[in-house]
Amino acid sequence: MKVRPSVAIIENNHLLLMRYEYGSTQVYNLPGGNTDPGETLVGTLERELREELGIEIEVGSMLLTGEVILPQQKTDVLHCVFIAQVIGGIPILNPSETSALEIKWIPLSEINQLEMYPNVGAELQDVLFQNQLGKYVGKINQKWH
């Protein structure tokens, strides 16, 4: 099982997401990525967001963890979602580092209606609105595209 850290960056009750298209389906990712050998989760997040969005972040507490287990994939993924804030720069996509089509600020009240990767919109709402930091959500109901 590989580990994929990601961040929830919230400003004015909106969550920063990266939009992708798979066929005719729009999928919204939490910013993050895969760790390089010898890299910490926080180090991975700092590097990935600097590369993909041109921003410096401060990573805070872990919000939630959960697994994506799909028979179509070669490996299962443990997702670790942290809260973070932008401390430098303005998020702008770097197309040489990501296949995302755009970044969007989505109201927190709407994230449970989106198809996300990891698909944790409702769980994020629970954690954020009920202040349940570090919640283990178990197997994440994830569609495969």
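The values are calculated or read from the model by the stated rules, or taken from the named source; none is laboratory data. Bear in mind the structure is a predicted one, so any value in this text is a computation, not a measurement. All Cβ positions, even for glycine, are placed from backbone atoms using ideal geometry, and neighbour counts span all protein chains on display. Only protein heavy atoms, including side chains, enter the accessible area calculation; ligands, DNA and RNA are left aside. Shrake-Rupley method; radii C 1.70, N 1.55, O 1.52, S 1.80 Å.
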Exercise for the section: Sticking with the crude label model, points 7 Å out along Cα→Cβ, report the distance from Glu51 to Lys74 in nm, one decimal please. Expected result: 1.7
Handout entry: Carbon + sulfur, % of accessible area of the chain - ligands and nucleic acids excluded, 1.4 Å
Key = 48
Fill in the blank from the handout: Over the chain, the sum of -39500 (n - 2.57) across DSSP H runs of at least four, divided by residue number and rounded to 500 deg cm²/dmol, gives at 222 nm -5000 deg cm²/dmol
Exercise for the section: Take the alpha carbon gyration tensor of region 75-135, find the square roots of its eigenvalues, order them as a ≥ b ≥ c, and report rounded if a/c is under 1.5; if not, report prolate when a/b exceeds b/c, else oblate. Expected result: prolate
Completion exercise
If the chain between Met62 and Glu11 were fully extended at 0.36 nm per residue, the gain over the current Cα-Cα distance would be 16.6 nm
Handout entry: Reciprocal of mean inverse Cα separation for region 1-60 (Kirkwood radius, Å)
Key = 12.6
Fill in the blank from the handout: GNM of the chain, Cα pairs under 10 angstrom: of Pro107, Pro31, Pro118, the biggest fluctuation goes to Pro107
Handout entry: Calculated FRET efficiency for the pair Gln85/Asn112, C-beta based, R₀ 25 Å, to 0.05
Key = 0.65
Fill in the blank from the handout: Placing one equal point scatterer on each C-alpha of the chain and summing with Debye, one gets log10 I(q)/I(0) at q = 0.17 Å⁻¹ equal to -0.96
Problem - Potential lengthening between Glu97 and Ser24 on full extension [0.36 nm per residue; Cα-Cα distance subtracted] - result: 24.0 nm
Completion exercise
Sites removed, the longest contiguous part of the chain containing no DSSP-loop trypsin sites (Lys or Arg not before Pro) with at most 13 other Cβ within 10 Å is 1-73
